[in-house]
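For reference, the structure is listed below as structure tokens.
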Ligand SMILES: NC(=O)c1ccc[n+]([C@@H]2O[C@H](COP(=O)([O-])OP(=O)(O)OC[C@H]3O[C@@H](n4cnc5c(N)ncnc54)[C@H](O)[C@@H]3O)[C@@H](O)[C@H]2O)c1
């Protein structure tokens, strides 16, 4: 087992040694769909207590409070400002608001000295991501962006294979995924809430899978395309009336030039006719990996990662072992736990997901949208923070 995989177990040992005298105080901002996974996993941790929750829609809060048996002593607030202003002792907040409400709450929390677990995608623009990173820097607090597939052992193996050098110099990568009929509805499809559709919902995971394996090289140029042929048709929405609200992309594709002379060919889809837009393929001078990653947002990769290489000049295919997770903790548990371990228990190598990487993911997504609108290739410049 690699050091990286082992480090996740080490964290738990450290935690036992330095348990604080009081419980870790948690706030949850946004009590809609994904907050379920945050409440569910916090409830599994003996050393934390949820002390405050907020939502613009009180019924969403009450629904979660009932579902998770939260006592009346858990304070309820209207929004992130009210919660943060009234809870100076919070250690960590989970920000589970829709995409257009990621940056504001994250900046406000960091500026008030609170550590942040921010749901993906990072934000809806590079400018917003930069402002969040400036707040992170001036606060000195922990910020982690919620890409839970990173904690899956099969995902970690992809990175280990690339880093081992067995593929040689990587020159071409294709990645992406999608669903045939899988438009999520809710706030995902609204211009002022989701803002970015399939690209921000599931495209960010496909990008993270390969960019993380490659060490997050910077993008140089992007030729992007987005469309909405399915979202605007009632028969492709779970609730047919959603077609009228649909105002984001349901398909995106791009040809991305990365630093290090690597080409990244990418496509993502919420709705399409084929069953896949293709596997992920990482091509190097000494070998290639084929990864069945059509629904990579689920975290674990199904059995069947293949290494293609030559042995004594003969074309050879090696099936890599199918790594499943330990089953002890969910990927979500690990993503939340990494922030608590780093921020509260001082575990330096707790595997949080750094903003310095995810701003690159965000920049590619925004460049795809810009390029599609302009109908030409765009240059990408990531600001230094
Ligand atoms: N990691 C994952 O697997 C995963 C899965 C689904 C969604 N997400 C992400 O989670 C986020 C939320 O998605 P969702 O499906 O839960 O959306 P949702 O619309 O169901 O819930 C968002 C909630 O936030 C509330 N809200 C918005 N702004 C607020 C504010 N300033 N203060 C307090 N409450 C506020 C809304 O009223 C709403 O109840 C999205 O960014 C999405 O991309 C992540």
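Nothing in this text is a laboratory measurement; each read-out follows from the coordinates by a stated rule. Just so it is clear, the model here is predicted, and its values are computed rather than measured. Using ideal geometry, Cβ is built from the backbone for each residue, glycine included, and neighbour counts are taken over all protein chains shown.
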Scan of the stretch 118-145 for residues that are near the ligand (Cβ under 10 Å from one of its atoms) and farther than 15 Å from residue 363 by Cβ, ordered by number: 118, 119
Residues (near the ligand (Cβ under 9 Å from one of its atoms), surrounded by 14 or more Cβ atoms within 10 Å (Cβ to Cβ) and in a loop (DSSP other than H, G, I, E, B)) located in the stretch 63-87: 79
Residue among 325, 310 that alone is surrounded by fewer than 19 Cβ atoms within 10 Å (Cβ to Cβ) and within 16 Å of the ligand (Cβ to nearest atom): 325
Matching residues, the stretch 88-100, being part of a loop (DSSP other than H, G, I, E, B), within 14 Å of the ligand (Cβ to nearest atom) and farther than 21 Å from residue 334 by Cβ: 97, 98
Of all residues in the stretch 38-62 being part of a helix (DSSP H, G or I), within 11 Å of the ligand (Cβ to nearest atom) and within 25 Å of the chain's Cα centre (by Cα), the one that is surrounded by the fewest Cβ atoms within 10 Å (Cβ to Cβ): 60
Single unsatisfied condition, residue 167 versus (1) crowded, with 20+ Cβ neighbours inside 10 Å; (2) within 16 Å of the ligand (Cβ to nearest atom): (2)
Selection status of residue 336, surrounded by 15 or more Cβ atoms within 10 Å (Cβ to Cβ), within 16 Å of the ligand (Cβ to nearest atom) and within 14 Å of the chain's Cα centre (by Cα): yes
